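This report concerns only the one structure given below.
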């Protein structure tokens with residue numbers, strides 16, 4: 001045990017550089033940090049070194065990014081502060097140094113949703129502008145793009161409603177085939193938004209299908225869109241009932257009425 | 001220069017600051033209250049390091065842009081969770097940026113691809129002329145890195161800029177795991193002293 005601790009202590013450097021190997025190693029080290037004052041202060045110092053290295057790597061970012069981030073911020077609800085009910089300083093998992101990895105990943109869910117939606121919308125808008133600027137653009141093509149835009153806007157409203165709801169629950173789970181599904185659940189309206197990252201690519205003719213797996217019946221919640229850079233754009237699912245789990249299976253295109261393969265994800269939905 | 005000796009001022013990135021010497025920690029407090037103007041200022045000050053460190057790790061410009069956007073929006077969204085007792089605002093923001101870049105390679109990039117990308121640890125070419133302060137940071141970090149032993153320097157840059165785990169670094173440098181942990185830690189202690197981190 002003593003050796004084990006000693007061994008953990010020398011990991012302060014690798015930890016501060018985000019160079020630990022696995023989520024379990026990070027969890028173990030976080031637990032150690034919450035008990036080891038000297039490790040925590042060492043990590044703080046090392047993080048400052050890392051900050052200097054980040055600043056030394058300063059690179060001019062694409063100018064268009066600023067507007068996109070500001071637009072996404074304008075429609076993104078901020079997390080409330082954590083209320084500390086104990087007067088004495090506690091060092092528990094929730095107050096462990098920095099954002100714990102998992103909760104960070106979860107927080108990214110809503111952010112991914114907002115950012116990717118921003119992308120989708122601006123692309124459609126560009127397409128529309130392009131279509132308009134070309135005089136010879138066929139009216140049919142234009143109305144198709146406009147229809148897409150309207151659809152995108154309706155989708156945005158559904159997303160905005162869920163993301164702006166007062167008490168959303170953020171959930172995330174790894175699938176058995178790798179990759180993560182992230183879910184923003186609004187229990188009050190029984191709706192959710194799901195996005196995924198890092199799912200294995202599928203061969204042609206196969207699709208990922210979402211399911212609401214209940215105690216009585218299984219209902220399709222639609223297909224996952226094709227991933228871009230490993231990430232799928234958010235999908236809205238409605239009509240969640242008590243006891244439902246969010247399931248994900250690989251199905252033959254264009255999807256199945258009922259799952260035909262073993263779910264690679266079964267995430268309980270607390271409604 | 002800001003007389004305030006917090007890490008925020010020491011590592012203050014270069015981009016123009018429309019609110020003068022307003023402290024980063026203070027800005028973040030206003031961001032947490034939904035102040036969009038404060039967020040714009042914070043963005044201008046931190047976007048260079050955020051995008052830069054993500055670029056270092058991921059290399060690919062469009063992927064880096066995507067991750068940088070997520071990071072900056074996460075800063076907006078979680079600003080209320082920032083705890084100054086744990087370190088300065090610049091450290092908070094760059095830590096999120098680096099972690100998200102690492103998350104991205106550990107979850108989505110094939111191992112072979114990653115090794116290919118991280119084999120080259122030379123600094124990227126400057127795409128745009130950089131402000132004086134960023135180059136001062138760069139100079140200071142370069143000088144301190146030079147003060148390390150070769151293995152310490154390689155371990156730290158392969159881990160932080162290359163986005164390799166310490167196991168991967170051990171593999172790349174043909175050193176035992178125990179030795180890598182110690183070298184990263186010893187190297188960081190030297191860097192910390194050299195940079196004058198308290």
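The values are calculated or read from the model by the stated rules, or taken from the named source; none is laboratory data. As the structure is a prediction and not an experimental result, all values here were calculated from the model. Because the Cβ atoms are built from the backbone with ideal geometry, glycine has one as well, and the counts that use them run over all protein chains shown.
List of remarks:
- Residue B:193 being farther than 26 Å from residue B:64 by Cβ, more than 9 Å from chain A (Cβ to nearest Cβ) and either more than 16 Å from the chain's Cα centre (by Cα) or without any contact (Cβ under 8 Å) to a residue 60 or more places away in the chain (or both): yes
- Positions within the range B:82-95 being facing chain A (nearest Cβ under 7 Å) and at pLDDT 90 or above, in sequence order: B:90, B:91, B:94, B:95
- Unmet criterion (only one of (1) at pLDDT 95 or above; (2) farther than 25 Å from residue B:29 by Cβ) for residue A:54: (2)
- Residue A:12 within 7 Å of chain B (Cβ to nearest Cβ) and either surrounded by fewer than 17 Cβ atoms within 10 Å (Cβ to Cβ) or farther than 18 Å from residue B:186 by Cβ (or both): no
- Condition met for residue A:77 (outside any helix (DSSP H, G or I) and at pLDDT 55 or above): yes
- All of (1) under 16 Å from residue A:180 (Cα atoms); (2) in contact with a strand residue (DSSP E or B) (Cβ under 9 Å, 6 or more places away or on another chain) hold for residue A:213 with one exception: (1).
- Given (1) at pLDDT below 95; (2) surrounded by 20 or more Cβ atoms within 10 Å (Cβ to Cβ); (3) more than 7 Å from chain A (Cβ to nearest Cβ), index of the condition residue B:183 fails: (1)
- Any hit, the range A:157-173, residues being modelled with pLDDT of 65 or more, assigned to a loop (DSSP other than H, G, I, E, B) and touching a strand residue (DSSP E or B) at 6+ places or on another chain (Cβ under 7 Å): yes
- Residues being surrounded by fewer than 24 Cβ atoms within 10 Å (Cβ to Cβ) and assigned to a loop (DSSP other than H, G, I, E, B) - total across the range A:182-217: 15
- The residue that is surrounded by the fewest Cβ atoms within 10 Å (Cβ to Cβ), among those in the range B:53-62 that are facing chain A (nearest Cβ under 7 Å) and touching a helix residue (DSSP H, G or I) at 6+ places or on another chain (Cβ under 7 Å), is B:55.
- Being out of contact with any helix residue (DSSP H, G or I) (no Cβ under 8 Å at 6 or more places or on another chain) and buried (at least 17 other Cβ atoms within 10 Å of the Cβ) is a condition met by at least one residue of the range A:18-27.
- Residue B:77 under 21 Å from residue A:15 (Cα atoms) and either modelled with pLDDT under 95 or assigned to a helix (DSSP H, G or I) (or both): no
- Taken together, A:72, A:57, A:63 contain a single residue that is farther than 22 Å from residue B:86 by Cβ, within 11 Å of chain B (Cβ to nearest Cβ) and in contact (Cβ under 8 Å) with a residue 40 or more places away in the chain, which is A:72.
- Check on residue B:43, modelled with pLDDT of 95 or more, over 20 Å from residue A:52 (Cβ atoms), in a helix (DSSP H, G or I) and within 17 Å of the chain's Cα centre (by Cα): yes
- Any chance residue A:196 is in contact (Cβ under 8 Å) with a residue 12 or more places away in the chain and touching a helix residue (DSSP H, G or I) at 6+ places or on another chain (Cβ under 8 Å): no
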